[in-house]
1. If each of residue 111 and residue 154 carries a label point 7 Å out from its Cα toward its Cβ, how far apart are those two points in nm?
2. With +1 assigned to the C-beta of every Lys and Arg and -1 to the C-beta of every Asp and Glu, and no other charges, what is the dipole magnitude of the stretch 3-211 about the Cα centre in debye, to the nearest 20?
3. List the residues of the stretch 167-194 whose backbone N lies under 19 Å from a point placed 7 Å from the Cα of residue 95 along the Cα-to-Cβ direction.
4. Just order 72-80, 27-35 by mean Cβ neighbour count inside 10 Å, highest at the front, would you?
5. In the stretch 3-211, what percentage of the DSSP-assigned beta bridges are antiparallel, given to the nearest 5?
6. Work through the residues other than residue 202 whose Cβ is under 13 Å from its Cβ and net out their charges, Lys, Arg +1 and Asp, Glu -1.
7. Taking only C-alpha pairs under 8 Å that are 6+ residues apart, what is the relative contact order of the stretch 3-211 in percent?
8. Check which residues have an amide H placed less than 5 Å from residue 31's amide H, if you skip close sequence neighbours.
Amino acid sequence: MIQVIVLSGPIGAGKSSLTGILAEHLGTKAYFEGVDNNPVLPLYYKDMKRYTFLLNIYLLNHRLAQISQAIQEKNSVSDRSIYEDSLFFKMNADSGIADKTEFKIYNNLLDNMMAETPGNPNKKPDLLIYIKVSLSTMLKRIEKRGREFEQLSTDPGLKDYYARLISYYQPWYENYQASPKLVINSDKYDFVTDEAAKKAVLAQIDQKLHELGKL
């Protein structure tokens with residue numbers, strides 16, 4: 001039974017943590033974004049206007065490679081969806097940080113690469129799990145994990161950037177139609193440190209997978 005699950009949500013939502021928890025629970029392979037090995041991300045935080053296009057092309061290539069591996073594994077959990085990268089790009093284009101023509105080119109490229117063609121396996125996940133998080137919780141988790149280029153102490157202006165990002169996620173999730181979906185409230189359920197919350201979240205996911213005939 002094919003079971004490809006992807007996590008989505010803003011920075012600090014707990015995607016990587018839940019990916020590891022869920023992969024262990026289901027006995028599947030976990031795929032992680034690999035932020036610490038991303039050579040473009042620190043450059044992006046220093047100059048978003050210059051590096052938005054390069055970052056999104058880098059991430060598109062990385063995620064397509066992950067999708068190919070996940071399909072071969074049959075059962076897998078990934079800590080980010082390929083679909084939400086365009087959300088970041090759109091937000092930056094709307095705010096004037098990124099070029100709108102570059103965003104249009106990127107979106108066309110994404111559509112072409114995700115299109116189904118004869119002989120190619122389906123690239124869509126069986127389930128997308130959106131982790132909803134408030135700005136205050138998001139900032140606490142960003143501070144706790146300590147990546148220097150993400151910290152408000154490095155750039156206080158990032159607080160507005162993070163707030164805008166959260167505001168883009170809910171409508172993005174509501175409009176997402178590529179696969180079945182499920183939302184987890186990360187403020188209500190601290191699945192990283194609270195065992196009862198972790199069990200409650202896993203129960204929600206198990207129920208959804210049963211409904212879909214995937215468990």
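1. With each label point 7 Å from Cα toward Cβ, the separation is 3.5 nm.
2. Working: 26 positive and 26 negative charges, 19 e Å.
Its charge dipole is roughly 100 debye.
3. 167-173
4. Values: 72-80: 19.7, 27-35: 15.9.
Output ranking for 72-80, 27-35: 72-80, 27-35.
5. Working: 0 of 16 bridges.
Once the DSSP bridges in the stretch 3-211 are tallied, antiparallel ones form about 0 percent.
6. On the way: positive: 198, 199, 208; negative: 24, 194, 195, 206.
Every neighbour counted, the sum reads -1.
7. Details: 263 pairs, mean separation 61.9, N = 209.
The normalised contact order for the stretch 3-211 reaches 30 percent.
8. 77, 78, 79
Values in this text are rule-based calculations from the coordinates and carry no lab data. Just so we're clear, the structure is a prediction, and the values are computed from it rather than from any experiment. So basically every Cβ, Gly included, is an ideal-geometry build from the backbone, and we count neighbours across all protein chains shown.
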